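Structure record follows, encoded as C-alpha cells.
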Amino acid sequence: MSLETAAESVAGQIRRQEFIEVYAHHDADGIAAAGILCHAMLRAGIRFRLRVRQEVTLADLTGDNAYLLCDLGAGMESLPKKVMVVDHHLPLFDGEFHVNPRHAAIDGDRELSAAGTAYIVAQKLGDNRDLAGLVIPGIIGDGQQMSGKNLEIFNDAIANGVIVPDRGLKLPGRDMPERWYIAISPYLDGVSGEEGRIGDIIEQSHDQATGQNANRLDVLLSHAVLEAAPSTTADSLLALYGDTFHLQREVIEDAHALTAVIDACGKAGYGDLAATLCMRSSRYLDRAWEIARQHRLRVIDAVRNVKAVEGTAGMYEVQNATLASDVADILARDRPHADPVLVFARGGSSCRISVRCPPGTTADLGPRVRSLAAACGGHGGGHLLRAGATIPCDMIAMFAKGWQEARAA
C-alpha cells in the first residue's frame, strides 16, 4: 500500500469518529506529530483528548473509544486491530489503520519522521499546509536528513511561506550565554554547563574594532571549538553552525529552539506544556523554557557523571531514567565511538535502555534490542539506528551479556 493510500485510510477512520483518545510519544517528534493531527481534528470538528507518554500499554487501550497513537504502536504486534497508528518505527502491527513510511519502502530513520507522516495524514483531513512548520521538530529531534519526503514537505512549506530557511548558530536559547550554557545538541565538553568559561569566551569575542560589546560569531565559534575539540567529534563541532529555519506560524520561531523546548518538556514529564506550544498557545512559554533549561542542565550533569560498565564495551549507566535517551544520543554522536552505545538507568524495578549508532555506522538495532528485551522478560524495539527497551532491573546482567555477544558477532 502506498503512503498516500494508507494516509487516506487513517484520515477516513478519523473522520468517522466523534471523539478520539490520542497518545503521543514524549519526544519532540511524537508531540509534534500529535500537535499536527490534533490541529487537523480540531478544525474538522472532531473532539479528542491528548496524552503524552513514554510508552503505551494495552491496558491504556481498553474501552470503546477510538485510539490514535502518534510515534507509538508500530512495534506492538498485539494492538487491537482498530487502533490507528501514525508512526515511522519498524512495523510489526498489522492493523488496517497504520500509516508508516516503511510500508512504502521509505526510510523511516532518515527521510520521514512521525511528524512528517502525521502531516501527510492531516492533509487528507483538509487544507492544513500551515502545519508544515511542526514537521521540522520531528526532523531535528530524531536526527533525520532533509531528503526524500522530508525535503518534499520542506520545499512546499517554503513555497507557501510557512518556513523561511536561513544560516546561523543552531544552539537553542533565549540569549547568547544560555545557548552555550545548555548546549547538548551537540554537547561541548568544557563549555556546556560552564557558566564562567562561557562568560570568558563571549568576552573574548567582543568586536575590538568597534569597541562595543557586540559579539563576532566567528571568533566566538573559534574559541568554543578550541575548548571542546579534544573530546568532541569533528562532525559535532561542524554542526554548531548551519541551516536554521524560521517557523512563521509557531510560538517559537526558531526551529531548533522549538524542538529543544518541546522535547525537554515531554521528557521531563510536562508533555501537556509541550502540547500547548504545538497548539500555538504561548501562555506558558516562559515556564516551558525554564523546564527545558533545567532538563538540559540535568542531562549535562548526567553526561559528566556517566558510569562505564566494566567488562562491557560501549555500555554506560546513568542515575535518572528520563535522561538515558539524551545521554545515549550525546555519547554516540558527540564522543568518538566506532560501535553502538548503550545507556541504561534503573527506575524502581524497571530498567530503561537506550541504544544509538554513531554517525556513519549501521546496525539493525531495533530487531536486536527487541529480541534481547523479550528474552529478559521486557519489551523493546525502535529504528535500525536508534532503539530502546524496558526490562526488569534484575535482568540487566543478562541483557548486558546478550548485548556483548551481539556486538561481537
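The values are calculated or read from the model by the stated rules, or taken from the named source; none is laboratory data. All figures in this text were calculated on a predicted structure; none of them were measured in a lab. Cβ atoms come from the backbone with ideal geometry, glycine included; neighbour counts cover every protein chain shown. When the accessible area is computed, the model is the full protein with side chains, heavy atoms only, and any ligands, DNA or RNA have been set aside. Shrake-Rupley method; radii C 1.70, N 1.55, O 1.52, S 1.80 Å.
Here's a check for you: in the range 152-175, which residue that is touching a residue at least 40 places away in the same chain (Cβ under 8 Å) and open to solvent by 30 Å² or more (accessible area, probe 1.4 Å) is nearest to ARG298 (Cα to Cα)?
Going through the range 152-175, the residues touching a residue at least 40 places away in the same chain (Cβ under 8 Å) turn out to be 161-174.
From what's left, open to solvent by 30 Å² or more (accessible area, probe 1.4 Å): 161, 164-167, 170, 174.
Values: GLY161: 37, VAL164: 32, PRO165: 31, ASP166: 30, ARG167: 29, LYS170: 21, ARG174: 18 Å.
Here the answer is ARG174.
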| request: Go through (1) of a type in the set (Val, Ile, Thr); (2) touching a Gly at 6+ places or on another chain (Cβ under 7 Å); (3) in a helix (DSSP H, G or I) and name the single condition ILE201 misses. | output: (2)
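So which residues in the range 293-320 are under 16 Å from the mean Cα position of the chain (by Cα) and not basic (Lys, Arg), if there are any at all?
Initially, the range 293-320 is screened for residues under 16 Å from the mean Cα position of the chain (by Cα), giving 295-296, 299.
HIS295, VAL299 - these are the residues of the range 293-320 that are under 16 Å from the mean Cα position of the chain (by Cα) and not basic (Lys, Arg).
Among LEU69, LEU58, which is the only one that is crowded, with 24+ Cβ neighbours inside 10 Å and either within 23 Å of SER354 (Cα to Cα) or without any contact (Cβ under 8 Å) to a residue 60 or more places away in the chain (or both)?
Numbers: LEU58 fails: crowded, with 24+ Cβ neighbours inside 10 Å.
When all the criteria are applied, what remains is LEU69.
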| said: Any residue that is over 18 Å from the mean Cα position of the chain (by Cα) and within 20 Å of GLY193 (Cβ to Cβ) - is there at least one of those in the range 267-287? | reply: no
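Need at least 1 residues that are open to solvent by less than 30 Å² (accessible area, probe 1.4 Å) and touching a His at 6+ places or on another chain (Cβ under 9 Å) per element, so show me which helices (runs of 4 or more DSSP H) inside the range 256-367 make the cut, counting only ones lying wholly within it. Spell out how you get there, then give the answer.
Values: elements: 271-278, 285-304, 324-334.
Output list reads 271-278, 324-334.
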| Which condition does SER185 not pass, out of (1) open to solvent by 40 Å² or more (accessible area, probe 1.4 Å); (2) farther than 30 Å from ASN160 by Cα, if it passes all the others? | (2)
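What tally of residues in the range 105-128 results from selecting those that are surrounded by 18 or more Cβ atoms within 10 Å (Cβ to Cβ) and more than 22 Å from ILE184 (Cβ to Cβ)? Can you show your working first?
From the range 105-128, those surrounded by 18 or more Cβ atoms within 10 Å (Cβ to Cβ) are 106-125, 128; that's our starting set.
From the residues that got through so far, the ones that are more than 22 Å from ILE184 (Cβ to Cβ) too are 106-108, 111-112, 116-125, 128.
Residues in the range 105-128 being surrounded by 18 or more Cβ atoms within 10 Å (Cβ to Cβ) and more than 22 Å from ILE184 (Cβ to Cβ): 16 in total.
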| Out of ALA268, ALA332, ALA292, sole residue that is touching a Pro at 6+ places or on another chain (Cβ under 6 Å) and of a type outside the set (Val, Ile, Thr) | ALA332
| field | One residue from ALA6, ALA24, ALA28 being modelled with pLDDT of 95 or more, under 15 Å from GLN123 (Cβ atoms) and either basic (Lys, Arg) or open to solvent by less than 20 Å² (accessible area, probe 1.4 Å) (or both) | value | ALA6
| task | Scan the range 129-148 for residues that are surrounded by fewer than 22 Cβ atoms within 10 Å (Cβ to Cβ) and part of a helix (DSSP H, G or I) and jot them down. | result | ARG129, ASP130, GLY148
| task | List every residue pair whose Cβ atoms sit under 7 Å apart, with the two residues 6 or more apart in sequence or on different chains, where the first one lies in the range 224-249 and is part of a strand (DSSP E or B) and the second, anywhere, is of a type in the set (Lys, Arg) and open to solvent by 30 Å² or more (accessible area, probe 1.4 Å). | result | TYR241/LYS170; GLY242/ARG167; GLY242/LYS170; ASP243/ARG167; THR244/ARG167; THR244/LYS170
